[in-house]
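Right, one structure below, let's go through it.
The values are calculated or read from the model by the stated rules, or taken from the named source; none is laboratory data. Bear in mind that the values here come from a model prediction, so they are computed numbers and not experimental data. Every residue, glycine as well, gets a Cβ built from its backbone with ideal geometry; the counts of neighbours run over all protein chains shown.
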Amino acid sequence: MASAQNIVDELKKQHITHAVGVPDNGSARIYELLRADPEIEVITVTREGEAFAIASGLYVGGKRPVIIIQNTGFLESGDAIRGTVVNMRVPVVVFIGYRGFHNRNANGQWVDSVATFLEPTLKAWRLPYEMLETDADIECIHRAFEKAAATSLPASVLLIGHAT
């Protein structure tokens, strides 16, 4: 498991101003640490699609947001992703909790169907991603910010498990 503190420290190195999204079990500790930081404003939304619109508005207003949601909410957000961050070319990094990643049955099949859709959806939408499971993977956060900046499009970090 990755350390929530190490994730937040890397986000601060990227000079984020806002974290927008819906906390879930995997990101709860990250949100807790972000809320305690006086330099970062946390905006909790009611549906994940709202996070993309709000992050786009923040970006247009000169801020540097990050989106933190779960894969179920990411899939619910398709039109908001297309209509805002992609069409507006907003270079935002999206942290996506990969619910169901470790849940496979004895035959190796996914137990939670949402896990079967995340990566194929990211690939179909041509959204780059890397996986963050342990502290050894923290560098992928920096690479996601670089990729987003270079393309003026979103890049994703898939959070595997619960950040501790």
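Restricting attention to the range 130-149, and to residues there that are in contact (Cβ under 8 Å) with a residue 40 or more places away in the chain and under 13 Å from I160 (Cβ atoms), which single residue is nearest to the chain's Cα centre (by Cα)?
L132
Suppose the filter is within 21 Å of I16 (Cα to Cα) and either in contact (Cβ under 8 Å) with a residue 24 or more places away in the chain or exposed (fewer than 13 other Cβ atoms within 10 Å of the Cβ) (or both); does S56 pass it?
Taking the combined requirement at face value, the residue satisfies it.
Only one of L158, L153, L132 is at pLDDT 95 or above, surrounded by 14 or more Cβ atoms within 10 Å (Cβ to Cβ) and over 19 Å from D24 (Cα atoms); which?
From the options L158, L153, L132, the qualifying one is L153.
Filter the range 59-77 for residues that are free of Cβ contacts under 8 Å to residues at least 40 places away in the same chain and touching a helix residue (DSSP H, G or I) at 6+ places or on another chain (Cβ under 8 Å); which is farthest from P154 (Cα to Cα)?
So the residue we want is E76.
Filter the range 118-129 for residues that are surrounded by 15 or more Cβ atoms within 10 Å (Cβ to Cβ) and either more than 14 Å from I81 (Cβ to Cβ) or without any contact (Cβ under 8 Å) to a residue 12 or more places away in the chain (or both) and give the result.
Once the filter is applied, which keeps residues that are surrounded by 15 or more Cβ atoms within 10 Å (Cβ to Cβ) and either more than 14 Å from I81 (Cβ to Cβ) or without any contact (Cβ under 8 Å) to a residue 12 or more places away in the chain (or both), the range 118-129 yields only E119.
Considering each of I81, I54, I40 in turn, give the residue that is of a type in the set (V, I, T) and under 21 Å from E10 (Cβ atoms).
I40
So P38 fits all but one of (1) over 23 Å from A149 (Cβ atoms); (2) modelled with pLDDT of 95 or more; (3) surrounded by 14 or more Cβ atoms within 10 Å (Cβ to Cβ); (4) not small (G, A, S); what number is the exception?
With (1) over 23 Å from A149 (Cβ atoms); (2) modelled with pLDDT of 95 or more; (3) surrounded by 14 or more Cβ atoms within 10 Å (Cβ to Cβ); (4) not small (G, A, S) applied to P38, the lone miss is (3).
Among the numbered criteria (1) in contact with a Lys or Arg (Cβ under 9 Å, 6 or more places away or on another chain); (2) hydroxyl-bearing (S, T, Y); (3) part of a helix (DSSP H, G or I), which one does T164 miss?
(3)
I'd like to check something: does the range 94-104 contain any residue that is aliphatic (A, V, I, L, M), more than 23 Å from D137 (Cα to Cα), in contact with a Leu (Cβ under 9 Å, 6 or more places away or on another chain) and modelled with pLDDT of 95 or more?
No, the range 94-104 contains no residue that is aliphatic (A, V, I, L, M), more than 23 Å from D137 (Cα to Cα), in contact with a Leu (Cβ under 9 Å, 6 or more places away or on another chain) and modelled with pLDDT of 95 or more.
I'd like to verify a number: residues in the range 63-76 that are surrounded by fewer than 22 Cβ atoms within 10 Å (Cβ to Cβ) and farther than 23 Å from I40 by Cα, how many?
3
Quick check on my filter: what residues within the range 1-27 are at pLDDT below 95 and either part of a helix (DSSP H, G or I) or surrounded by fewer than 16 Cβ atoms within 10 Å (Cβ to Cβ) (or both)?
Passing the criteria: M1, N25.
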